[in-house]
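Remarks on the structure that follows.
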Amino acid sequence: MVRLFLVGLVGLASVGLSFKGGLAAGKEPPPLIPFVLPWDDHGAGPTNVSAWLDKPAGAHGPVVVKDGHLFDGRKRLRLLGVNVAFGANFPKHDDASKVAARMAKFGINCVRFHHMDMQTTPSGVFSKDGCTLDPSQLDKLDFFIAELKKNGIYTDLNLHVSRTYPDRPKWEGMPGFFKGVDNFDPSMIAMQRQYARDLLTHRNPYTKTRYIDEPAVALIEINNENALIQDWWGGRLDAMPSVYKDELARQWNAWLSAKYPDAESLRRAWGAFETPLGAEILANADFSQGLKGWTLEQHEGAKASAKVEPNGPGKKPALTIEVQQPGKESWHVQCNHPGIRLEGDRPYTLSFLAKSDQDRRIIVSAMQAHPPWTTLWSAPVSLTTIWQEYRFTFQPSAGDTRGRIGFGGLGSEVARYQLADVSLKAGGVLGFRPGEAYGRIEFVRKAEFSARTAEGQRDWVRFLCDVETRYWTGMARFLKDDLKAGALIVGTQMGWSPPQVQANLDVIDSHAYWQHPHFPGKPWDPDNWTVKNLPMAGLSGGGTLPNLGLARVQGKPFLCTEYNHAAPNTYSSEAFLLLATYAALQDWDGIFPFAYSHRLDGWDEGRIPSFFDIDQHPTKMATLPPAAAIFLRGDVPPAPMASFARPRSEQLIEAIRRSGPGVRADAFGVPRDQALTRRVGLDLEGSQEVRQSNGPLPWSWQDGVVTVDTPRSKVVIGSVKSGPFDLSGVTIDPKPNRQDWAAITLTSIEGDAIGSPGRILVTATGFVENTEMGWKDAEKTTVGRDWGKRPSLVEGVPATITLPVSATKVRAWALDERGGRQSEVKVRASGSKAVVEIGPAARTLWYEIIIIR
């Protein structure tokens, strides 16, 4: 589970919002309310929307694709799924029945089985040998899937997620779980196929079907967040051992030989050439004039120093950079030499000596020395504790009269770096490396990519795309033709693999996280992390959502199988309401919060347990029923207008060459801001007819606030200072609270519309934390290991709700943690309208309103 798609707060200052306030100065907020949603509850009431699910799952046949969308055999199918990971894939039988029924209560109709393959029993599917499937684990999995099916919940089976292939050579700095390598290494592909055969041809004794035949298995995913181009682009394959490097080089030379009949045609096509080196470009390349011409940058509280010492390698001057205090991001410390004119149509050779106090990785780059600070070339550099020479020949992606050479990525941790004998000269060899010849072209390391000509680079990208396509389509054919699997096949996620590659599969998938945890030291360090405590609703630029929409491929079902606003963010109740609304607006086919649980048997946690688990997160779970109404029931209709980019195949190759595999519609002319008002994406066929109309848009994304206004769903998310909000005659007026921020929903559970006779579910969510949560800073960005204890605590959000109906026809109740009526709420009249006031005194997150005839 790798989190790319991280979105910073671009534009926050421009909207003039502050999210630190709340209540009048000097006024103490009401105390927080203990509120725990029972792990095993599936009781009746307005919070139970399980009736919206067809039972059992797959009753009408296998899930198929029709007109670019999912169908259950007879009608359109949308999936509101969740993920389970590690031990949570294997609940005890008694627990499985209760968990499945509870999921259905909240509108969940699909479970993505994730990270089954990392560990051995009891948290993984493998026996202690790491190869064979454990019978007791399979029994738990089988029973859980059968209980899900019974409750109308489909299954999404992930194949490779985090298995580390036994006995395969590893290397320093390799991608986790051999990502990228297992797209082309024959032995790893064989192991993937064997695992798929063992799992999918197994017969579930509780459903009496094999998984290849089970109609409740809607999806099979080949390889999570794993693609050759992505890991090559990140430089993580550069140091592969020869067993992998030689195999990829063999495939590369076979590909070139099939395209070019001889050496001369290859050289002519690539335009390989050598240009003599010119004069030194840097004004003070060797530091003989101290720091003149060089700039040490420190951002966001990072502290570092730079000095030139006389006794570097060969008695030459050396620049020493000491990082005393890391920044929040690695780029918060960097050293640059600005004032350089770069031309986009010529090669440059950069060389330098460098070392560090321990093995570290930095980034060397050529980029603009002015906004928008575009990177014109970059390469990763692996430093050791001894002086080494590094040399790069590159051609900038564009020219610039005010460029700079920079050494970045220095700010992650306390460290010591040294540089000497830096040189930048025009000229160098582009195209072939020394010793290369037809049939013996080396595997192209990312660090040396820029030393190839533009056409040589394009051929390498074409080759990587072809290798990936062969892998994904080969695995899909194995699943469908050899194993006869009836489920739809997902490859991997957009952003990792290019759109034209993943479009060969049945379904397109993507992932996104708002304010994913940041680890400034070592990855996943439980003591050293931050999660920015900021809301996304109404943010300029749309936060995570445009990137998702712009990656959609027209004519293919589109899923987002991982999404979350990571805990302990105190605004996170917005997460699934925003995603559900946007997914409905874009007419997607599935959304999956990540994750329901990672925990082995620990279902009754009674508190927020971690960054991602939502099963015991009170405000995230409480907002799932209104999210289900918006997306599953279709309360929010698709946007009436659409904008789809139609790139040609060579345009896609060029975009990957310049920017990597994360190619979206905005790279081909679709403005990002249209993603919030129109259906957007890529049309790779160029012939899809998109029907458009000029109907009203059912939502509003404004500065600091998002509203949804449809007959059966009314939603306000964001700053309470912008209220009251009139939503077609229904008024929601949030009052000041701890953060002056709230997410309030009205959902018609029974009835044609809110305001007509029927039953309404109201949710009102805001600040949330655990008892005695160990906040480490005033901004509430981290608790380290101190997540606090049970029970979870919530804010009783105050608001006034005005309905266009006589008060004599309205009754209201505060609901308890199971969704049962706990106390009646007074309804007063305001002229001909009914007014319901909610707030801390009710000690709840949700309410029921009944309108009688």
*asked:* When you check residue 698 against the structure, is it under 29 Å from residue 51 (Cβ atoms) and within 26 Å of the chain's Cα centre (by Cα), yes or no?
replied: yes
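Listed here are the residues, each with its yes/no results for (1) at pLDDT below 95; (2) out of contact with any helix residue (DSSP H, G or I) (no Cβ under 6 Å at 6 or more places or on another chain); (3) buried (at least 18 other Cβ atoms within 10 Å of the Cβ).
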site	(1), (2), (3)
69	no, yes, no
83	no, yes, yes
93	no, no, no
101	no, yes, yes
108	no, yes, yes
115	no, no, yes
126	no, yes, yes
*Among residues belonging to region 504-522 that are part of a loop (DSSP other than H, G, I, E, B) and among the charged types (D, E, K, R), point out the one that is surrounded by the fewest Cβ atoms within 10 Å (Cβ to Cβ).*
522
*List every residue pair whose Cβ atoms lie under 7 Å apart, where the two residues are 6 or more positions apart in sequence or sit on different chains, the first residue falls within region 217-228 and is on the phi > 0 side of the Ramachandran plot, and the second residue, located anywhere, is open to solvent by 10 Å² or more (accessible area, probe 1.4 Å) and outside any strand (DSSP E or B).*
225/1; 225/2
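If we keep just the residues of region 367-389 that are part of a strand (DSSP E or B) and either charged (D, E, K, R) or touching a residue at least 40 places away in the same chain (Cβ under 8 Å) (or both), which is most open to solvent (accessible area, probe 1.4 Å)?
Top of the filtered list is 389.
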*Conditions (1) in a strand (DSSP E or B); (2) free of Cβ contacts under 8 Å to residues at least 24 places away in the same chain; (3) polar (S, T, N, Q): number failed by residue 155*: (2)
*asked:* Quick check on residue 754: is it at pLDDT 95 or above, open to solvent by less than 20 Å² (accessible area, probe 1.4 Å), out of contact with any Asp or Glu (no Cβ under 7 Å at 6 or more places or on another chain) and over 23 Å from residue 616 (Cα atoms)?
replied: yes
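Can you go through 342, 353, 419 and tell me which one is hydrophobic (A, V, I, L, M, F, W, C), out of contact with any Ser or Thr (no Cβ under 9 Å at 6 or more places or on another chain) and in contact (Cβ under 8 Å) with a residue 40 or more places away in the chain?
Working: 342 fails: out of contact with any Ser or Thr (no Cβ under 9 Å at 6 or more places or on another chain); 419 fails: out of contact with any Ser or Thr (no Cβ under 9 Å at 6 or more places or on another chain).
Unique residue meeting the criteria: 353.
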*Go through (1) closer than 30 Å to residue 558 by Cβ; (2) without any contact (Cβ under 8 Å) to a residue 40 or more places away in the chain; (3) not in a strand (DSSP E or B); (4) not β-branched (Val, Ile, Thr) one by one and return the number of the condition residue 695 breaks.*
(2)
*Unique match (being assigned to a loop (DSSP other than H, G, I, E, B) and of a type in the set (A, V, I, L, M, F, W, C)) among 536, 475*: 536
*Among the residues of region 399-416, which ones are part of a strand (DSSP E or B) and either surrounded by fewer than 19 Cβ atoms within 10 Å (Cβ to Cβ) or not charged (D, E, K, R) (or both)?*
401, 402, 403, 405, 406, 407, 408, 415, 416
*Does any residue of region 523-540 turn out to be under 29 Å from residue 656 (Cβ atoms), at pLDDT 95 or above, open to solvent by less than 10 Å² (accessible area, probe 1.4 Å) and touching a Lys or Arg at 6+ places or on another chain (Cβ under 6 Å)?*
no
*Which residues, counting only those in region 478-499, are open to solvent by 10 Å² or more (accessible area, probe 1.4 Å), in a helix (DSSP H, G or I) and closer than 17 Å to residue 65 by Cβ?*
480
*Determine the pairs where a residue that is of a type in the set (Val, Ile, Thr), located within region 772-797, has a partner that is open to solvent by less than 50 Å² (accessible area, probe 1.4 Å) and assigned to a strand (DSSP E or B) with Cβ atoms under 6 Å apart, the partner being 6 or more residues away or on another chain.*
781/530; 782/530; 794/33; 794/768; 797/742; 797/764
*Within region 128-139, identify whether any single residue is open to solvent by less than 10 Å² (accessible area, probe 1.4 Å) and either touching a Lys or Arg at 6+ places or on another chain (Cβ under 9 Å) or modelled with pLDDT under 95 (or both), and answer yes or no.*
no
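Do you know which of the residues in region 178-190 that are in a helix (DSSP H, G or I) and open to solvent by less than 50 Å² (accessible area, probe 1.4 Å) is nearest to residue 469 (Cα to Cα)?
183
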*Please state which one of 570, 619, 581 is assigned to a helix (DSSP H, G or I), in contact with a Phe, Trp or Tyr (Cβ under 8 Å, 6 or more places away or on another chain) and among the β-branched types (Val, Ile, Thr).*
581
*Among 353, 419, which is the only one that is over 30 Å from residue 655 (Cα atoms), modelled with pLDDT of 90 or more, touching a Cys at 6+ places or on another chain (Cβ under 8 Å) and outside any loop (DSSP other than H, G, I, E, B)?*
419
*Wholly enclosed strands (runs of 3 or more DSSP E) of region 759-829 bearing at least 2 residues touching an Asp or Glu at 6+ places or on another chain (Cβ under 9 Å)*: 789-794, 799-803, 810-815, 821-825
_Residue satisfying all of: in region 701-740; open to solvent by 30 Å² or more (accessible area, probe 1.4 Å) and of a type in the set (Lys, Arg); farthest from the chain's Cα centre (by Cα) among these_ = 735
*Which ranges mark the helices (runs of 4 or more DSSP H) fully within region 208-319 that have 2 or more residues being under 30 Å from residue 70 (Cβ atoms)?*
228-233
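Pick from region 641-665 the residues that are part of a loop (DSSP other than H, G, I, E, B) and in contact with a strand residue (DSSP E or B) (Cβ under 9 Å, 6 or more places away or on another chain): which of them is nearest to residue 459 (Cα to Cα)?
Step one: filter region 641-665 for residues part of a loop (DSSP other than H, G, I, E, B), giving 641, 646-648, 660-664.
Those still in the list that are in contact with a strand residue (DSSP E or B) (Cβ under 9 Å, 6 or more places away or on another chain) too: 641, 646-647, 661-664.
Numbers: 641: 37, 646: 22, 647: 18, 661: 15, 662: 18, 663: 18, 664: 21 Å.
Top of the filtered list is 661.
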*Would you check if residue 692 is of a type in the set (S, T, N, Q), farther than 24 Å from residue 569 by Cβ, more than 22 Å from the chain's Cα centre (by Cα) and open to solvent by 40 Å² or more (accessible area, probe 1.4 Å)?*
yes
*Just need a number here: residues in region 261-308 that are open to solvent by 70 Å² or more (accessible area, probe 1.4 Å), of a type in the set (A, V, I, L, M, F, W, C) and farther than 30 Å from residue 326 by Cα.*
3
*Kindly indicate the residue of region 830-844 that is under 41 Å from the mean Cα position of the chain (by Cα) and outside any strand (DSSP E or B) and also surrounded by the fewest Cβ atoms within 10 Å (Cβ to Cβ) among those meeting that condition.*
841
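Among the residues of region 73-84, how many are assigned to a strand (DSSP E or B) and farther than 12 Å from residue 141 by Cα?
6
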*Failed condition for residue 396, given (1) at positive phi; (2) open to solvent by less than 20 Å² (accessible area, probe 1.4 Å); (3) not polar (S, T, N, Q), with all others met?*
(1)
_among the aromatic types (Phe, Trp, Tyr), in contact (Cβ under 8 Å) with a residue 24 or more places away in the chain, surrounded by 19 or more Cβ atoms within 10 Å (Cβ to Cβ) and outside any strand (DSSP E or B): is that true of residue 443 in this structure?_
yes
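The values are calculated or read from the model by the stated rules, or taken from the named source; none is laboratory data. Everything numeric in this text was worked out from a predicted model, so none of it was measured. Neighbour counts run over all protein chains shown; Cβ positions are idealised from the backbone, glycine included. The protein model used for the area step is the full one, side chains on, heavy atoms only, and it has no ligands, DNA or RNA in it. Shrake-Rupley method; radii C 1.70, N 1.55, O 1.52, S 1.80 Å.
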